[in-house]
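The structure appears below as C-alpha cells.
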C-alpha cells in the first residue's frame with residue numbers, strides 16, 4: 001500500500017527535546033502543544049516519504065497503563081493511535097516498561113501485512129533493530145528520525161542509524177514549533193482562562209496563629225509547618241514555603257488552643273468539603289444536604305453508557321474541565337431545580353456524598369498517578385472550582401473567591 005505510518009517513542013522524542021531545550025531529559029521541564037506536534041509529524045512524514053499518512057502510533061508509558069490527560073487528548077485526534085506501556089519507579093527514577101516491545105510488535109505486524117510502503121520511526125532505542133530489519137525484508141522503506149542532540153552527538157543507537165534506509169534530524173527550529181522549555185516562559189498551547197479563585201487559594205498565607213511561639217512542639221505537626229529555634233531557646237513554628245494550610249493544619253492548631261483564624265483576603269480554602277476559611281459549622285452537614293441526590297441516582301443505564309462514551313472521546317481530563325462536566329450532568333438530570341439552589345447556598349462546601357462521587361469521577365482521568373492514590377492538592381482545588389463555576393453559571397450566582 002502506498003501509504004506511510006509514523007511510530008513515535010514519546011519517551012525518546014520528548015526526553016530528547018527536553019535535553020535540547022531545557023538541559024535535562026525531564027519532561028516536566030517542557031510544555032508541549034500536542035496538536036501542533038502531531039500536525040508537524042504528519043506534514044514532515046508526508047513530505048519525506050511522498051506518501052499520504054495512514055496513521056501515527058504514539059507509544060508512551062503510564063502508571064498502571066492508565067491514560068493521562070495528554071494521552072486522552074492525543075487518542076481522540078484524527079489519525080492518532082495511542083499505545084501505552086507501564087511506567088514504573090526504580091532507584092528514584094521513572095522507567096517505561098513494555099513500550100519497546102509494543103513498538104517492535106507493531107512495526108513487524110504492519111510490515112508483514114503490507115499495510116504501508118514507508119514507516120517512519122522516531123526513536124533511539126537499539127532494541128528495535130530486529131524489527132527494523134524484519135520490516136525491510138518485507139519491502140518496507142524505513143525512515144529513522146532523530147531529535148537534535150543537546151551536545152551535538154548522536155542520541156540514537158548507531159546500529160539503528162546504520163540500518164535505516166533514510167535518516168532525518170528534527171532540529172531545534174522544528175522542535176520549538178510545538179515544544180518550549182518552561183523556564184523560557186514559552187507556552188505553546190492556548191493558556192487556560194484566568195482562575196483567580198485558585199490563584200488566591202494557592203497564594204494564601206498560613207494563619208498567623210501558625211507563627212505563634214509555643215512552649216513545646218506538638219506531637220503531630222502539620223505538613224506545611226516546620227519548627228525552628230528562636231533566640232530565647234523556645235521552639236517557634238514557622239510556615240514552610242510550600243502550599244496553604246490544609247484542614248489537618250487547622251485542626252491541629254485548634255487542638256492546641258490556637259486563637260480563631262482570620263480569613264485572608266481573597267482566599268477560600270477548598271481542600272475539604274467540610275472545613276475551610278468560611279465560618280460554617282463543621283460538626284454536621286446542613287439538613288438539606290441529605291436530600292440532594294448523587295449523580296449515580298440521577299443517571300439511567302443509557303445515560304451511563306453515553307457518559308462513558310463522552311469521557312473517552314471528548315473530555316480531555318483537565319481537572320477544572322472534569323469538575324464542570326460532572327456538575328453539568330448533575331444539573332441537567334435534576335427533576336427538582338430547587339435542589340440546585342439548595343446546593344448553591346452551601347458554597348463552598350460540597351456535600352459529602354456528592355464530593356466523594358466527584359473525586360472518584362476525577363480519578364478516572366489519571367489524576368491519581370504518582371500521588372499514592374491521592375489526588376494532588378492543586379487538582380482538588382481545580383476540580384471543585386470547575387464544579388462551582390458550573391453551578392454559578394446555572395444559578396446566575398457569582399461566588400467571590402473570599403466566600404459565599
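The values are calculated or read from the model by the stated rules, or taken from the named source; none is laboratory data. Owing to the predicted nature of the structure, the values given are computational and were not obtained by experimental measurement. Cβ: placed from backbone, ideal geometry, glycine included. Neighbour counts: every protein chain shown.
Taking first residues from the stretch 388-404 that are outside the structural domain of residue 345 (by TED's automatic domain parsing) and partners that are assigned to a helix (DSSP H, G or I) and modelled with pLDDT under 60, the Cβ contacts under 7 Å between residues at least 6 apart in sequence or on separate chains come to 401/196; 401/197; 401/200. Restricting the first member to the stretch 96-112 and to residues that are over 15 Å from residue 142 (Cα atoms), and the second to residues that are in a helix (DSSP H, G or I), the beta-carbon pairs closer than 7 Å and six or more apart or on different chains are 96/11; 99/11; 100/127; 100/128.
With respect to (1) at pLDDT 90 or above; (2) surrounded by fewer than 20 Cβ atoms within 10 Å (Cβ to Cβ); (3) in contact with a helix residue (DSSP H, G or I) (Cβ under 9 Å, 6 or more places away or on another chain), the lone exception for residue 88 is condition (1). Sub-6 Å Cβ pairs linking a first residue in the stretch 42-62 that is in the same structural domain as residue 125 (by TED's automatic domain parsing) and over 18 Å from residue 104 (Cα atoms) to a second residue that is at pLDDT below 95 and in a strand (DSSP E or B), at least 6 apart or interchain, are 62/84; 62/87, ordered by first then second residue. Going residue by residue through the stretch 362-371, is there one that turns out to be modelled with pLDDT of 85 or more, under 20 Å from residue 76 (Cα atoms) and in contact with a helix residue (DSSP H, G or I) (Cβ under 9 Å, 6 or more places away or on another chain)? Yes, that holds for at least one residue.
Do you know which residues across the stretch 59-85 are at positive phi and modelled with pLDDT of 90 or more?
79
The residue of the stretch 134-161 that is surrounded by the fewest Cβ atoms within 10 Å (Cβ to Cβ), among those that are part of a helix (DSSP H, G or I) and touching a strand residue (DSSP E or B) at 6+ places or on another chain (Cβ under 9 Å), is 161.
For residue 83, state whether it is in contact (Cβ under 8 Å) with a residue 60 or more places away in the chain, in the same structural domain as residue 13 (by TED's automatic domain parsing) and over 23 Å from residue 166 (Cβ atoms). Before you say what the answer is, go through the steps one by one.
Details: in contact (Cβ under 8 Å) with a residue 60 or more places away in the chain: no; in the same structural domain as residue 13 (by TED's automatic domain parsing): yes; over 23 Å from residue 166 (Cβ atoms): yes.
Criteria not met by residue 83.
Flag: residue 101 matches the condition of being under 16 Å from residue 125 (Cα atoms), part of a helix (DSSP H, G or I) and assigned by TED's automatic domain parsing to the domain that holds residue 143. Exactly one residue out of 374, 393 is modelled with pLDDT of 75 or more and either in a loop (DSSP other than H, G, I, E, B) or surrounded by fewer than 19 Cβ atoms within 10 Å (Cβ to Cβ) (or both): that is 393.
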